[in-house]
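The next block holds one structure in the form of structure tokens; read it before the comments.
The values are calculated or read from the model by the stated rules, or taken from the named source; none is laboratory data. All values derive from a computational prediction rather than experimental measurement. Cβ placement follows ideal geometry from the backbone for every residue including glycine, while neighbour counts extend to all protein chains displayed. The protein model used for the area step is the full one, side chains on, heavy atoms only, and it has no ligands, DNA or RNA in it. Shrake-Rupley method; radii C 1.70, N 1.55, O 1.52, S 1.80 Å.
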2 protein chains.
Amino acid sequence: MKARVTVTLKNGVLDPQGKAIEGSLSALGFAGIAGVRQGKVFDLELAAQSADEAKQEITKMCEQLLANTVIENYSIDILK
Amino acid sequence: MKARVTVTLKNGVLDPQGKAIEGSLSALGFAGIAGVRQGKVFDLELAAQSADEAKQEITKMCEQLLANTVIENYSIDILK
């Protein structure tokens, strides 16, 4: 089963990397950019009987390793 | 307008970071993981008249800065 985990910074958490990208885009001539936030994406392939089981397992992975839940949110999409 | 750009490594490109995460997940006791690939996600907020215009503008950003098109694919989702 394939799944995609998207990890993004919570609102209010400073994102210097995003700010740097925003500055670079402006420097390249792109106008009207109000904000850039960078996050991470993990494409997982795992053995699971059902989508529910996969989601449960991946939630555990996020809590333990993939996301820092103090400052990050995560969302899980089961692809197939 | 809000948009999300997802940048992932092309198939065949080695992903040592993904491999390390795969190893860590196994070490934590998660079984049956066949693969992990890590990518990046950018949440952009920009001024644009229409979704089409935004998509065109973001495609240029991806080609010039956000993605290394030699080894990475990108996909653009206009959120609203």
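Couple of notes before you dig in:
- If you run the Gaussian network model on chain B, springs between alpha carbon atoms under 10 Å, then out of B:I21, B:I33, B:I58 the most flexible one is B:I33.
- Each principal axis of the Cα atoms in chain B has its own extent, and those three values, largest first, are 49, 26, 15 angstrom.
- Candidates A:A34, A:A47, A:A67, ranked by Gaussian network fluctuation over chain A, Cα under 10 Å, top entry: A:A34
- Annotation: per residue accessible area for the range B:2-78 equals 53 Å², rounded to a whole number [probe 1.4 Å, protein chains only].
- In chain B, helical runs assigned H by DSSP with n ≥ 4 each contribute -39500 (n - 2.57); averaged across all residues and rounded to the nearest 500, the mean residue ellipticity at 222 nm is -9000 deg cm²/dmol.
- Among the residues of A:41-52, the average count of other protein chain beta-carbon atoms within 10 Å of the residue beta-carbon is 5.
- C-alpha long axis of helix B:16-27 to longest principal axis of chain B, angle in °: 50 degrees
- Net charge dipole size for chain A [Lys, Arg +1 and Asp, Glu -1 on Cβ; Debye, nearest 20]: 180 debye
- Over 20 Å between alpha carbons, listed pairs A:K19/B:K80; B:K10/B:K80; A:K40/B:K2; A:K10/B:K10: A:K19/B:K80; B:K10/B:K80; A:K10/B:K10
- Compared with the dominant principal axis of the Cα atoms in chain B, helix B:51-61 is inclined by about 60°.
- Rounded percent of accessible protein surface that carbon and sulfur make up, the protein assembly as shown, 1.4 Å probe: 50 percent
- Euclidean distance between Cα centres, the range B:19-38 to the range A:36-80, Å: 12 Å
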